[in-house]
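Q: Before I ask anything, here is the structure I am working with.
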Amino acid sequence: MQPSTDTLNYDLKRAYSKNRLAGLWRLMTGFRSTYMVATLAQGMAALAKTATYFLLRYFVDTYLSGASTVALPLLAVSFLALAALEGGFTFISATFASRTAEGVTRRLRNYLYDHIQHLTFTYHDNTQTGELIERSTSDVDALKRFFADQAISVGRIILLFIVNFVALINLNASLAWRSVVVIPIVVAISTIFFHYISKAYEAYQEQEAVLSTALQENLAGVRVVKAFARQDFEKEKFETQNFEKFIRGKRLLILNSFFWPVTDVLCTAQVLYGYFTGASMAIHGEITLGTYLAYTGLIVWIIYPMRNLGRLIVQMSTGMVSYGRVMDIIKQDREPLDDGTLTNPEQAKGEIHFENVGFAYTDGTTALQNITFSVKPGQVIALLGSTGSGKTTLVNLLPRFYEYTSGRIFLDGQELNTIPRRWLRNQIGIVEQEPFLFSRSIEENISYGVDRKVTKEEIEAAACAAAIHDVILSFPEGYRTVVGEKGVTLSGGQKQRIAIARTLLKNPRILILDDSTSSVDTETEAEIQSALQSLMKDRTTFIIAHRIQSIQSADLILVMDKGCITQRGTHSELINQTGMYRQIFEIQTRVEEELEREIASVRN
């Protein structure tokens, strides 16, 4: 019963429900028939088990008394056949339940991975990476256990109770009712524990996510930790979080440890009471010996499964909590990539106009206000300003990573927020301030941003333009060299240039270089700038830089401070104005002159 492709692409937002049991049922869409087969097989296994005890009663009361005409070998075969049926149906049930669990969680993992990638930048800004990893792994595994074991076991226990209780009534109604006195008490206790354990487990999972975040951050920043010799500090911080997890886990275990003794005492007392009552009735001739033997087996298959039902009800709380945590992600709205329409579906020309644009983050922090400027196709726009002045936020509005909250932005005469994000981002190439490389070959990293198959010559041409080709060839494996996680085996300048090559291979109409030469030396920067001049031709380019030397040839320089444009113009215009630009230029010029004098004095 392999689900169809449509089922695998099922929109799991439909599975959201405030009633978590209803939501878990919706989550099984496409796999319910498989699960029904598993449940039906459990019922057949229960019938086979019950039939075994009735056959035992027949064997004792009829065969041993000599009143039976059935041959002993046939009775033996019947016992074996019933055992085989029980084992076979149990196997079928476990197989189909596992198939359902694996199918549901496979689809859930795929959907979660895709869904997280399509969530907004704002969501990722406010959500810790470790939290997302925890919910995508540990909580999904908890849901798999729910479907593979807990839910099907509950069905099995309910079926066993129904079948065996009916069988007990058939044996002796009075004895049957006396044998289930404790069951309502066990169910009530389980319900109470379910309430408390659900809260305890949710708190435990939240702390586990905090611990995962701490571990992820530490491993990602291990070089910084070692550079500042902060191992002891990080160890103490981790131990503090780990101790909190220990406390919450201890509380969870204590709640479970209280549950078991209580239900054990109640269930054992019920079984002993049933044995004693049944034995008394057999001694006084109210029931036969065969009936008593059958009863001793049936009561065990009623009471102890019901005890396990209490345990499973408690354990199911973990699946329900995990369902809620996973659905907290799934119910988030995706970032629409194909919203809007295009008045001109061809390639963007690159004419951009900002008209009194403002932007504020969701917490109310104002990042940009009253931004107005125009860019003609092929022009180079430079953004200069102190850290936090709004430069990166401004360029992040262009690919619609964030939506401006006031004013208007136009691209080729069409307002930006009416242009589909997917098309828009295909027209824009970005080199981030902190370049990210995947743990793959250099060749794969450079070609990452291109959907089509690219040739080796194209990759090398992009690398040459980014002044990294010769460096790559110096590696033993050349372009097939696998870089470490986040490119840790490369220098900062090498990572920057590979990221630039990746953007250049994409051949976008609009380039955004977010301080992309900050990690390279002056000589390498000059090589990159020289290579970029020809590639910037006929492309609108935004350059964020801190060194004026990198932006002197820009067509328009915007000086920003506290989210506003304080100065604008060309280098020659701004250098003759009183303001931040001239101050920065004078400081940088003075530093460079002093450095040159020091170098000259050392040489002499």
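The values are calculated or read from the model by the stated rules, or taken from the named source; none is laboratory data. The model shown is predicted, which means the values in this text are computed figures rather than measured ones. Every residue, glycine among them, receives a Cβ derived from its backbone with ideal geometry; neighbour counts consider all protein chains shown.
Q: Determine which member of the set Arg20, Arg32 is of a type outside the set (A, V, I, L, M, F, W, C), assigned by TED's automatic domain parsing to the domain that holds Gly324 and at pLDDT 85 or above.
A: Details: Arg20 fails: at pLDDT 85 or above.
Within the list Arg20, Arg32, the selection yields Arg32.
Q: Only one residue in Phe165, Phe146 is closer than 20 Å to Thr100 by Cα, of a type in the set (A, V, I, L, M, F, W, C) and either at pLDDT 85 or above or not assigned by TED's automatic domain parsing to the domain that holds Thr268 (or both). Which one? I'd like the intermediate steps shown before the answer.
A: Details: Phe165 fails: closer than 20 Å to Thr100 by Cα.
On inspection, the qualifying residue turns out to be Phe146.
Q: Here is a follow-up. Does Phe246 satisfy the criteria of being in a helix (DSSP H, G or I) and at pLDDT 85 or above? If you could, list the steps in order and put the result at the bottom.
A: Values: in a helix (DSSP H, G or I): yes; at pLDDT 85 or above: yes.
The answer is yes for Phe246.
Q: Identify all residues within segment 535-584 that are part of a helix (DSSP H, G or I), more than 30 Å from Thr365 (Cβ to Cβ) and of a type outside the set (Ser, Thr, Tyr); write none if there are none.
A: First pass over segment 535-584, keeping only residues part of a helix (DSSP H, G or I): 535, 548-550, 571-574, 580-584.
Subset that is more than 30 Å from Thr365 (Cβ to Cβ): 535, 549, 571-573.
Result: Leu535, Gln549, His571, Glu573.
Q: Which of (1) surrounded by fewer than 18 Cβ atoms within 10 Å (Cβ to Cβ); (2) touching a Lys or Arg at 6+ places or on another chain (Cβ under 9 Å); (3) farther than 30 Å from Leu132 by Cβ is the odd one out, the single condition Glu206 does not satisfy?
A: (3)
Q: When you go through Gly340, Gly364, Gly388 one by one, which is the residue that is on the phi > 0 side of the Ramachandran plot, surrounded by 16 or more Cβ atoms within 10 Å (Cβ to Cβ) and in a loop (DSSP other than H, G, I, E, B)?
A: Values: Gly364 fails: surrounded by 16 or more Cβ atoms within 10 Å (Cβ to Cβ); Gly388 fails: surrounded by 16 or more Cβ atoms within 10 Å (Cβ to Cβ).
Answer to the check: Gly340.
Q: Now, a different point. Of the residues Gly274, Gly319, Gly285, Gly278, which is of a type outside the set (D, E, K, R) and on the phi > 0 side of the Ramachandran plot? First the steps, then the outcome.
A: Numbers: Gly274 fails: on the phi > 0 side of the Ramachandran plot; Gly319 fails: on the phi > 0 side of the Ramachandran plot; Gly278 fails: on the phi > 0 side of the Ramachandran plot.
That would be Gly285, the only listed residue that is of a type outside the set (D, E, K, R) and on the phi > 0 side of the Ramachandran plot.
Q: So, Leu27, is that one crowded, with 17+ Cβ neighbours inside 10 Å and under 18 Å from Asn170 (Cα atoms) or not? Walk me through it before giving the result.
A: Details: crowded, with 17+ Cβ neighbours inside 10 Å: yes; under 18 Å from Asn170 (Cα atoms): no.
Spelling it out, it is not the case that Leu27 is crowded, with 17+ Cβ neighbours inside 10 Å and under 18 Å from Asn170 (Cα atoms).
Q: Please find, within segment 279-295, the residue that is nearest to Leu160 (Cα to Cα) out of those that are polar (S, T, N, Q) and crowded, with 17+ Cβ neighbours inside 10 Å. Give the steps one after another, and end with the answer.
A: So the first thing to find is which residues in segment 279-295 are polar (S, T, N, Q), and the list is 280, 288, 291.
Among the residues that remain, those that are also crowded, with 17+ Cβ neighbours inside 10 Å are: 288, 291.
On the way: Thr288: 24, Thr291: 19 Å.
Within segment 279-295, the match that is nearest to Leu160 (Cα to Cα) is Thr291.
Q: Out of the helices (runs of 4 or more DSSP H) lying entirely within segment 152-235, which hold 2 or more residues that are within 19 Å of Gly319 (Cβ to Cβ)? Please lay out each step first, then the result.
A: Numbers: elements: 173-178, 183-220, 222-227.
Once the helices (runs of 4 or more DSSP H) in segment 152-235 are filtered for at least 2 residues that are within 19 Å of Gly319 (Cβ to Cβ), what remains is 183-220.
Q: As an exercise: evaluate Asn507 against (1) more than 22 Å from Val380 (Cβ to Cβ); (2) more than 26 Å from the chain's Cα centre (by Cα); (3) among the polar types (S, T, N, Q) and give the number of the one condition it does not meet.
A: Evaluating Asn507 over (1) more than 22 Å from Val380 (Cβ to Cβ); (2) more than 26 Å from the chain's Cα centre (by Cα); (3) among the polar types (S, T, N, Q) leaves (1) as the failure.
Q: Also, quick follow-up: Residues of segment 113-130 being within 8 Å of the chain's Cα centre (by Cα) and farther than 19 Å from Phe401 by Cβ, which ones? Reasoning before the result, please.
A: At the first step, the residues of segment 113-130 found to be within 8 Å of the chain's Cα centre (by Cα) are 113, 116.
Tyr113, the sole residue that qualifies.
Q: Out of all the residues in segment 176-203, which are in contact with a Leu (Cβ under 7 Å, 6 or more places away or on another chain), surrounded by 20 or more Cβ atoms within 10 Å (Cβ to Cβ) and closer than 30 Å to Ile287 by Cα?
A: Of everything in segment 176-203, those that are in contact with a Leu (Cβ under 7 Å, 6 or more places away or on another chain), surrounded by 20 or more Cβ atoms within 10 Å (Cβ to Cβ) and closer than 30 Å to Ile287 by Cα turn out to be Ala176, Ser179, Val182, Val186.
Q: Looking at Arg502, Arg480 in this structure, which one is of a type outside the set (Val, Ile, Thr), at pLDDT 85 or above, touching a helix residue (DSSP H, G or I) at 6+ places or on another chain (Cβ under 7 Å) and surrounded by 21 or more Cβ atoms within 10 Å (Cβ to Cβ)?
A: On the way: Arg480 fails: surrounded by 21 or more Cβ atoms within 10 Å (Cβ to Cβ).
None of the other options fit; the residue is Arg502.
Q: Okay, moving on. Working only within segment 124-134, note down all residues that are buried (at least 17 other Cβ atoms within 10 Å of the Cβ) and either out of contact with any Leu (no Cβ under 8 Å at 6 or more places or on another chain) or of a type in the set (S, T, N, Q) (or both).
A: Glu131, Leu132, Glu134
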